[in-house]
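A short write-up of the structure that comes next.
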Amino acid sequence: MTPESRAAEEENREGASDRVGRQLSGSAAQKLTTRDDGSLDVMSSIGGWRGLVEASLPAAAFITAYLIVDELSLALLIALGIGAAFTVMRLLQRGNLVQSFSGLVGVAICAAFAYFSGEARDYFLPGFFINAGYLILFAGSVLLKWPLMGLIFGFVRGEGIEWRHDRARRRRYAMATGIVAAVLATRLAVQLPMYLADATGPLGTARVVMGVPLYALALWLGWMITRDPHAQAQLQEKAIQEESREESDADAGDVRPGGQSVAETSGGGAPASERTTP
């Protein structure tokens, strides 16, 4: 293989990986939202208070009901009922079908694990597999120098994947990805011993507390350490300019050409006896 053909092959390989990176970046960042000043809107990114409740309430209701009545079937029915209620609410509001049923399917899978094993702790077993899978994914992306938080945040910030050519930016995105991976690892380190010890109550509490709230904190920390100070200052300046322009347009709307106010041109500036005709 000649040097020219080798260089062309490497360029094609890099171009293909870049295209895949852009596709992954766009799909992964669809749920993230930012404010006008460029800061991350964490609550909106996790679905607001509604998203927080929908993600946490079924598990919280299950563990609460089980600890009170000590009846697995009833606790599972309560969790499934809550999940079904959220699904119906989204369907009535003509929400996306995938989003409407995804939560219910997740609750149903957890309930099936617990029902067929007869162990309440197995309601939380699927979460261990999900956490482990995401942990491998996030940690592997850092090792491959394609940190996932760079793909996500880069798309939101309009950087695409250009940050990969900046060593400092790539390092910061690797740190942000490491924060999320640390959250996933912490969940396993804390909750897995509880599962093995059959401590269902503490396990359920830890699952709720270390779920969406802890992820939202990791998301915010990752965003903060990967900010570009220059880009942030430009966004803030742009927001101030747009606000000033809107105020100027509002003031200009109260005055007609020739310096006459809206009231004067409409005949409200002076009594009819004092107005002259041309």
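All of the numbers you see were taken from the coordinates with simple rules; none came from a lab. Just so it is clear, the structure is predicted and the values come from calculations on it, not from any experiment. Please note: Cβ atoms are built from the backbone with ideal geometry, for glycine as well, and neighbour counts cover all protein chains shown.
What the table below lists for this structure:
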read-out: Region 125-140 - phi-based ³J(HN,Hα) in whole Hz, Karplus 6.51/-1.76/1.60, Gly and Pro as x; value: 5, x, x, 5, 5, 5, 4, 5, x, 5, 4, 4, 5, 5, 5, x
read-out: Cα-derived Rg to Rh of region 47-118, Kirkwood definition; value: 1.00
read-out: Förster radius 22 Å - calculated FRET efficiency between Leu144 and Leu221 (Cβ-Cβ, nearest 0.05); value: 0.50
read-out: Cα point-scatterer Debye curve for region 120-233, base-10 log of I(q)/I(0) at q = 0.10, 0.12, 0.21 Å⁻¹; value: -0.35, -0.48, -1.05
read-out: Placed amide H near Thr34: partners under 5 Å, 5+ positions off or other chain; value: Asp41
read-out: Karplus-derived HN-Hα couplings along region 176-188 (A = 6.51, B = -1.76, C = 1.60, θ = phi - 60°), whole Hz, x at Gly and Pro; value: 4, 5, x, 5, 5, 4, 5, 4, 5, 5, 5, 4, 5
read-out: Net charge, Val180 excluded, C-beta distance under 14 Å - Lys, Arg +1, Asp, Glu -1; value: +2
read-out: Extension reserve of the Phe101-Ala85 stretch, reckoned as 0.36 nm per residue once the Cα distance is removed; value: 4.7 nm
read-out: Per-residue HN-Hα couplings for region 217-225 [Karplus 6.51, -1.76, 1.60; θ = phi - 60°; Hz; x = Gly/Pro]; value: 5, 5, 4, 5, 4, x, 5, 5, 7
